[in-house]
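Coordinate-derived values only; no laboratory data. Please read all numbers here as calculations on a predicted model, not as lab measurements. A quick note on method: Cβ atoms are made from the backbone with ideal geometry, for glycine too, and the neighbour counts reach across all protein chains shown.
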Amino acid sequence: MPPLVARAVAWLRENFSADFAPLIAFWVLDLAFGIKPAIAGAIVVIIIDSAWRLLRRKPFTPAYLLSSALTIVLGGIDLYSDSPFMLKYEAVVLNVVTGLLFLIGARGPRPILWELAEQRKGAIFPDRPDVMRFFQYLTLAWASYFFLKAGFYWFIGQIMPLAQAMAVRSVVGTASLALMAFVSIAGGHTLFRLCHRWHLLPPIQENDPA
């Protein structure tokens with residue numbers, strides 16, 4: 001694996017949940033080596049990671065199962081399709097499905113980004129209404145990002161040749177993802193304080209945990 005790709009994989013594994021390892025492997029390998037190595041590599045990641053989870057008795061979360069299924073389905077369509085349809089609209093479908101994942105993940109006992117943040121940092125956030133609401137907002141912001149990116153990818157797919165559209169997708173997708181990750185990770189505390197200042201979160205009560 002080229003050093004640049006290896007560093008990218010290491011950064012993604014550090015900053016994003018292992019639940020998305022198959023999908024991350026598919027993206028990175030597809031970008032570096034093409035669709036067939038990406039499918040093979042992602043399946044190898046799924047097998048190794050699943051075996052590791054079984055040995056360590058780690059749970060198979062819904063996000064991990066969806067990520068694995070999405071990787072295999074998208075890879076299989078690309079592998080067996082004779083038309084360039086999925087090459088042109090693969091990224092649109094992928095971003096819509098990922099957006100739906102985050103939209104669904106905003107509900108439930110804990111928003112998906114709360115779980116991702118605790119897994120990445122090993123920190124425990126106080127179980128308070130304001131923290132819950134903040135992570136709901138953040139998760140919905142990520143869902144909106146993926147939906148907007150899907151719309152943009154569909155638009156350029158209509159007005160540009162395939163090669164040009166894929167080049168634009170690569171640049172815009174990488175830059176926008178890096179910006180979203182930086183704002184969410186590095187600016188999380190600042191965003192939390194701003195949401196309190198703008199009265200977007202429930203006020204902290206005296207009996208709330210610190």
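Quick notes
- Fraction in percent of alpha-carbon pairs per bin - 5 Å, region 129-172: 5, 22, 19, 14, 11, 9, 9, 6, 4, 1
- Stretched out straight at 0.36 nm per residue, the stretch from residue 190 to residue 89 would grow longer than its current Cα-Cα span by 32.7 nm.
- Length gained when the stretch residue 181-residue 80 is fully extended (0.36 nm per residue, less Cα-Cα span): 33.0 nm
- HN-Hα J in Hz across region 50-57 - Karplus 6.51, -1.76, 1.60, θ = phi - 60°, x for Gly and Pro: 5, 5, 5, 5, 5, 5, 8, 6
- Spacing of the modelled spin labels on residue 65 and residue 33, each 7 Å from Cα toward Cβ, amounts to 2.9 nm.
- Modelled FRET efficiency - R0 22 Å, residue 199 with residue 141, Cβ distances, 0.05 increments: 0.75
- Our coupling estimate for region 40-46, obtained by passing each phi through the Karplus curve with A = 6.51, B = -1.76, C = 1.60 and θ = phi - 60°, is 4, x, 5, 5, 4, 4, 4 Hz, Gly and Pro reported as x.
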